[in-house]
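Worksheet for the structure shown next.
The values are calculated or read from the model by the stated rules, or taken from the named source; none is laboratory data. What you are looking at is a predicted structure, and each value in this text was computed from that prediction instead of being measured. When we count neighbours, we look across all protein chains shown, and the Cβ atoms used for this are built from the backbone with ideal geometry, even at glycine.
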Amino acid sequence: MKLKSILTICLLSSSLAPVQAQTARAGNETNPKHNMESVKQFMPAEASLAAIENPLLEKWKGAFGGTPLFDRIKVADFKPALETAMAEKLSEVEQIAKNAAAANFENTIAAMERTGRTLDRVQAVYGVWSSAMNNAEFQAVEREMNQKLAAFSDQITQNEALFRRIEAVYNSPDKTKLTPEQQRLTWLYYTNFVRAGARLKPDAKARLSQLNQQLAGLFTRFSQNQLADESERFLVLKSEAELAGLPQSLRDAAAQEATAKKMSGAWIVTNTRSSVEPFLTYSDRRELREKAWRMFVNRGDNGDAHDNNKIITEILQLRAERAKLLGYQTHAHWRLDDKMAKTPERTMELMEAVWKPAVARVREEVKDMQTLADKEKANIKIEPWDYRYYAEKVRKERYDLDQNEVKPYLQLEKLREGMFWVAGELFNFNFSPVTNVPVYHPDVRVWEVKDKTTGKHIGLWYFDPFAREGKSSGAWMNAYRNQERVDGSITTIVSNNSNFVKGKPGEPVLISWDDATTLFHEFGHALHGLSSNVTYPSLSGTSVATDYVEFPSQILERWISTPEVLQKFAVHYQTGKPIPQNLVDRIERASAFNQGFATVEYLASALVDMKMHLAGSQKIDPDAFERKTLSELGMPGEIVMRHRTPQFGHVFSSDGYSAGYYSYIWSDVISADAYDAFVEAGGPYNKAVAARLRKYVFSVGNTIDPADAYRTFRGRDPKIEALMRKRGFPVNDSKKGKLTPAKPKAKSR
Ligand SMILES: [Zn+2]
């Protein structure tokens, strides 16, 4: 089976969970067992007839090796399509398991890579509807099918005969004759099957299957509750006076939102990050800031029908039981076992090394803000709903930098051209628009990616930039199809998704510096997918460990602030003039500003995630656990976790980033260290370093161990110093400086 045929990668600033992960990693991590009968039940006698007329089951047609038939999808088609495609894959897998010939790489591992082609296609489209076209009708399908998909994937990993064949290939002396990529793939299958319980006794397998299905149901409920609180709750502003401090772009967006909700004459702040954070930054009305803040941080925690607390308690208990069943101390140990970090302890070590300097920086930041508030005679003590507001004032005072001064230079479409230009410089890619492929919404546009020199087709890039009802908040990348060449060359199709507010007709969309950084970040994921140059789909593109996958995206963020991009693409939307150097210098000087806040709000979430999943089988009350953990950590009272547990979709809407939210800082240590390689070689467009980055990082997928790949690129293991410098923290604890343990050395004095 493809281990991760569809991958959604979410971003640090996103409240979106990796929605597709739970359905995509067939056989990877969350797998129950069901006998053949249960899947036959999925497939009524009429199913084969229905299949003929179901566009989801058709092969993708047209140029570029075929593209998704987005223009012909009906929600009612998903259930029969998934059922038919699951049944088809099961029968393909059964053929492999029953093969009378002795197991070898070709007839077992490579054969598995060829299974489930139909399911891959159906799930790619299913994932798009889940994250970008969601509605009540689709949610009903999700509630039913996500559990069935979990059962289905267990049915494969718990197939005894199949596992014996995989094990035979893995243990065969002939393994050394395979190519390194084939050996890696064999290792991956073996490891994933074992991790998913392939070695368990039948009754344990049955229990595991139950647990996985229960979890899949809870994950779906968790994300649907979160989506409900984000769409059904909002803050209504009724008068001009309530808009005090808000820049025009926010007022326009709020008015537009009100019109959409048929409340013309009012203004609406929606309950999403992209709406609430700017409001907290600019609103002069402290009591309204507090109201917006409370609404946002209490998502999933309102004691009503959409409350997520009980669901979390249950998820944690089921995960703890599953980890024990699989032979691991805790869920965290199970999750970390196949990551680059390997153990929870090493992630804790990194997080704790950064935590103290970050908290110390927060104390300084709060002091600066309090001084400013006192000077203004505001007569307040800084509270969490004041942080962004006063931070912005300090930024203006100290660095003479107003984010609104930067915005007119950041036009979405110009920045997109800038990203294309960077991809041309670093990877020799060329992007040209394509209009003859179907899209699922009129906002979606498509580009073909070719090699600049040879003109060879590389893949397609879909771009879905604007917010709308039924679309998850945040920003993410996913692959509709992975690059591979098992049976002839198949090129990739990737997409970038975000939630910018559409401008007025004819007017350019202006975005903030943070949003521009996010744009480059997601594009980094897309380039990771597009650069893929592997044979087997399970190892392709972004199918790497979650603590490594953010490295390519985070490093790409750096190119937005290169003079080349700023001069050519950060041009004023009215005058066309490039952003003034003086403003660039001020941005540069302010780059480590507020890093105490950013680091602490993130690390608090990452630490709570890890500690919750290290706590074992005790019954956890999420609110109490959160409070206790944060107080033990010495969490500054002026900051709240970036994702409080009742809204922590990364962790509770799938297994995706559970005990894995640390991944962002782990990857950022690597990306900061890697960017230094460019700096050391003379600059961000150094061709030799770019070629190495592509060869050893962006193109290799999961064909080699990430630690080895990085070492080949950099000549050594990543060090923490570059990250500390980037965030403006003191670099002094060099003992904890490396992500991978150094070889024992003679003691220095
Ligand atoms: Zn990302």
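General remarks:
- The set of residues in segment 548-565 being away from the ligand (no atom under 15 Å from the Cβ) and either surrounded by fewer than 20 Cβ atoms within 10 Å (Cβ to Cβ) or not hydrophobic (A, V, I, L, M, F, W, C) (or both) consists of 561, 562, 563, 564.
- Selection of first residues in segment 269-288 that are over 19 Å from residue 403 (Cβ atoms) and without any contact (Cβ under 8 Å) to a residue 60 or more places away in the chain and of second residues that are aromatic (Phe, Trp, Tyr) and outside any helix (DSSP H, G or I), restricted to Cβ pairs under 9 Å at least 6 apart or on distinct chains, gives the following pairs, ordered by first then second residue: 270/234; 271/234.
- With respect to (1) assigned to a helix (DSSP H, G or I); (2) surrounded by 21 or more Cβ atoms within 10 Å (Cβ to Cβ); (3) modelled with pLDDT of 95 or more, the lone exception for residue 246 is condition (1).
Residues are listed down the side, and each one gets a yes or a no for (1) aliphatic (A, V, I, L, M); (2) at pLDDT below 95; (3) part of a helix (DSSP H, G or I); (4) buried (at least 17 other Cβ atoms within 10 Å of the Cβ):
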residue	(1), (2), (3), (4)
346	no, yes, yes, yes
358	yes, no, yes, yes
380	yes, no, no, no
390	no, no, yes, yes
396	no, yes, yes, no
419	yes, no, yes, yes
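- Residue check for residue 613: modelled with pLDDT under 95 and not in a loop (DSSP other than H, G, I, E, B): no
- Taken over segment 258-317, the residue count meeting the criterion of being assigned to a helix (DSSP H, G or I) and under 30 Å from residue 391 (Cβ atoms) is 23.
- Index of the failed condition, residue 453 passing every other in (1) closer than 20 Å to residue 433 by Cβ; (2) away from the ligand (no atom under 16 Å from the Cβ): (1)
- Looking only at residues in segment 58-88 that are over 16 Å from residue 145 (Cα atoms) and of a type in the set (A, V, I, L, M), the one that is surrounded by the fewest Cβ atoms within 10 Å (Cβ to Cβ) is 63.
- Residue 643 farther than 30 Å from residue 424 by Cα, buried (at least 21 other Cβ atoms within 10 Å of the Cβ) and touching a Cys at 6+ places or on another chain (Cβ under 7 Å): no
- Residue match in segment 630-645 (condition: more than 16 Å from the ligand (Cβ to nearest atom), among the polar types (S, T, N, Q) and in a loop (DSSP other than H, G, I, E, B)): no
- Screening 257, 287, 240 for residues that are surrounded by 19 or more Cβ atoms within 10 Å (Cβ to Cβ) and either more than 22 Å from residue 229 (Cβ to Cβ) or acidic (Asp, Glu) (or both) leaves exactly one candidate, 257.
- Against the test of being farther than 30 Å from residue 271 by Cα and part of a helix (DSSP H, G or I), the options 222, 193 yield a single qualifying residue, 193.
- Among the conditions (1) closer than 27 Å to residue 315 by Cα; (2) away from the ligand (no atom under 16 Å from the Cβ); (3) within 25 Å of the chain's Cα centre (by Cα), residue 619 misses just one, which is (3).
- Taken over segment 696-717, the criterion of being outside any loop (DSSP other than H, G, I, E, B) and under 20 Å from the mean Cα position of the chain (by Cα) is satisfied by 697, 698, 706.
- Of all residues in segment 666-694, those being surrounded by fewer than 17 Cβ atoms within 10 Å (Cβ to Cβ) and assigned to a loop (DSSP other than H, G, I, E, B) number 4.
- Residues being part of a helix (DSSP H, G or I) and modelled with pLDDT under 95 - total across segment 56-101: 2
- Close pairs (7 angstrom Cβ cut-off, 6 or more residues apart or separate chains): part of a loop (DSSP other than H, G, I, E, B) in segment 477-489, within 16 Å of the ligand (Cβ to nearest atom) anywhere: 482/541; 483/541
- You will find that of 328, 389, 399, 409, the residue that is more than 25 Å from residue 279 (Cβ to Cβ), in contact with a helix residue (DSSP H, G or I) (Cβ under 9 Å, 6 or more places away or on another chain) and not hydrophobic (A, V, I, L, M, F, W, C) is 328 and no other.
- Whether a residue is without any contact (Cβ under 8 Å) to a residue 60 or more places away in the chain, crowded, with 24+ Cβ neighbours inside 10 Å and more than 14 Å from the ligand (Cβ to nearest atom) was assessed, and residue 492 passes this test.
- Scanning segment 593-601 for any residue that is in contact with a Ser or Thr (Cβ under 8 Å, 6 or more places away or on another chain), in contact (Cβ under 8 Å) with a residue 12 or more places away in the chain and part of a helix (DSSP H, G or I) turns up nothing.
- Breaking point among (1) within 16 Å of the ligand (Cβ to nearest atom); (2) assigned to a helix (DSSP H, G or I); (3) farther than 30 Å from residue 320 by Cα, for residue 605: (3)
- Pairs linking a residue in segment 521-535 that is within 13 Å of residue 694 (Cβ to Cβ) to a residue that is among the charged types (D, E, K, R) and more than 10 Å from the ligand (Cβ to nearest atom), with Cβ atoms under 7 Å and 6 or more positions apart or on different chains, are 531/694.
- Leading residue by the ranking (surrounded by the fewest Cβ atoms within 10 Å (Cβ to Cβ)) among those in segment 518-540 that are more than 15 Å from the ligand (Cβ to nearest atom) and hydroxyl-bearing (Ser, Thr, Tyr): 535
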